[in-house]
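Below is one structure; the comments refer to it alone.
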Amino acid sequence: MRVSAQSILTTALAATLTLSLAVAPVLSCPFCSAPSLTLAEQLAQADAAVLVQWADGTKPTETSAGTTVYEIKQIVRNHKDALKVGDRITLPRYRASKVGDLFMLMGSKGTAIEWGSPLEVSEASFNYIAQAPAPETPTAKRLAYYLKFLEYPDPLVANDAYGEFANAPYEDITQLSDTMPREKLRKWVTSPETPATRLGLYGLLIGLCGDKDDAQAIEKRIVEETEDFRLGIDGLMSGYLLLTGKDGLDVIEKTKLKDASVPFSETYAAMQALRFMWKYAEGRIEPERLRESMRILLERPELADLVIADLARWNDWGVQDRLMTMYRGTQAPPKKTTDGEDVQDPYNIPSIKRAIVRYMLVTSKDVAEEAVAGKEAELPPHVVKGREYVEELRKLDPKTVQQAERFFFLK
């Protein structure tokens, strides 16, 4: 979704670990791995496109890569009317196939048409491509066409239909909620046969059209114990929260946020679901309730830097004292074990310390427009405190403050 996504954990972490507290607009589905170009987009960029069948070929030799001959059966896009049904197209390099096998060729204009690699198709998949709405068609209308082809038996079609949804704006997807195949979606999100790469999208879709029974079915899959990394579980959690609101958040907290024995990937997926609800589902869960859930993750040092950045974005100024106490703890001498070994403070990590500094910088600059313009304006208490803490941090750890300020952007 172009206002929104989805991706493996390392990619998501890398995207989140930006040096700024500001977040750039998300350009694709938060839970989807979209193709760079869908078939409709490829077709729109082509000057010529034809359905061909394999006709003949010359096998390679020591001095030649051979050739392959295709016969045009149907024309989708005809550059300067240069193509006719029955014409033959010879491509360099031998491609083994059988007489009559179908392919789609797309080409760009040059001195002659320069053809791309043949795409093997069936009659059904070719018709799917040829009849698809043009990319300039309003997105919601285009998605109505692709909705019918999710989980289509032909993988080429199913993968492309998924790609169209993965690239689509979230607000356009929501317009289809009344026409979504709820029963099929429920089957897909609960079936182990569903490709993991599509689970996040399907979880999101059922969150837009499902009911209480669907929520219960999703919950069973979410809370099941696992040691595996489950691609798409973040989208499933988000759909669940769309259906259940605060009650569902209670479940997510208990099973994914408060339980330290849960695999990191599951906790991170829950964190992604919180972010989704904050950004896209305004009003479904109260902002302060979402902040409460995010604060729980401050207890997890491996996530703390990301959590602190989110709390700053969410204007959660109630953790100022807690974060400052955390920072002071990193400056204290290491504790000793009974054996005399040093015990490192788990929060004494450069990324966490920089995140705290940036949080305080954000609070110190959260002033009214009047104050920015140089006019009289009473500073909020969190701004006053934030400025005091920034000055304390400069004295406590000037090097880290300097590093944090170097790439600090306020938005």
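Throughout, read-outs are computed from the coordinates displayed, never taken from laboratory work. What you are looking at is a predicted structure, and each value in this text was computed from that prediction instead of being measured. So basically every Cβ, Gly included, is an ideal-geometry build from the backbone, and we count neighbours across all protein chains shown.
Among the Cys residues of the chain, which have no other cysteine Cβ under 4.7 angstrom away?
Cys with no partner Cβ under 4.7 Å: C209.
On average over all directions, what projected area in square nanometres does the range 316-411 have, based on the convex hull of its Cα atoms?
Over all viewing directions, the range 316-411 projects a mean Cα-hull area of 7.2 nm².
Exactly which GluC sites (Glu not before Pro) in the range 204-292 are in a DSSP loop and have at most 13 other Cβ atoms within 10 Å?
E224, E225, E227
Between rounded, prolate and oblate, where does the range 213-318 land on the alpha carbon gyration tensor, with a ≥ b ≥ c its root eigenvalues, rounded for a/c under 1.5, else prolate if a/b exceeds b/c?
Oblate, since a/c reaches 1.5 and b/c is not below a/b.
Using just the helices of the chain, give the 222 nm mean residue ellipticity in deg cm²/dmol: DSSP H runs with n ≥ 4 each add -39,500 (n - 2.57), and the total is spread over all residues, rounded to 500.
My calculation for the chain gives -14000 deg cm²/dmol from helical runs alone.
Based on the alpha carbon coordinates of the chain, what radius of gyration and maximum Cα-Cα distance (Dmax) apply, in Å?
Reported Rg and Dmax, both Å: 27.4, 86.
How do 303-312, 188-197 rank on mean C-beta neighbours within 10 Å, highest first?
Going from most to least packed, we get 303-312, 188-197.
With the contact rule set at Cα under 8 Å and sequence spacing of 6 or more, what percent relative contact order holds for the chain?
13
Restrict the search to the range 47-101; then list the trypsin sites (Lys or Arg not before Pro) that DSSP places in a loop and that have at most 10 other Cβ atoms within 10 Å of their Cβ. Before the final figure, lay out the partial values.
Details: sites: K73, R77, K80, K84, R88, R93, R95, K98; in loops: K84, R93, R95, K98.
Passing both the DSSP loop test and the Cβ count: K84, K98.
What is the gain in length, in nm to one decimal, between S122 and D56 on full extension, counting 0.36 nm per residue of separation less the C-alpha to C-alpha distance?
On the way: separation 66, 0.36 × 66 = 23.76 nm, distance 1.88 nm.
So the extension gain works out to 21.9 nm.
Within a Cβ distance under 11 Å of A269, other residues only, what is the Lys/Arg minus Asp/Glu net charge?
That sum, taken over residues with Cβ under 11 Å, equals +1.
Taking N as the number of residues in the range 39-130, what is its alpha-carbon radius of gyration divided by 2.2 N^0.38 Å? Please list the in-between numbers first.
On the way: Rg = 13.0 Å, N = 92, 2.2 N^0.38 = 12.3 Å.
My calculation over the Cα atoms of the range 39-130 gives 1.06.
I'd like the FRET efficiency for K365 and V343, computed as 1/(1 + (r/R0)^6) with the beta carbon distance as r and R0 of 41 Å, rounded to 0.05.
0.70
How many angstrom lie between the C-alpha centres of the range 144-170 and the range 49-97?
29
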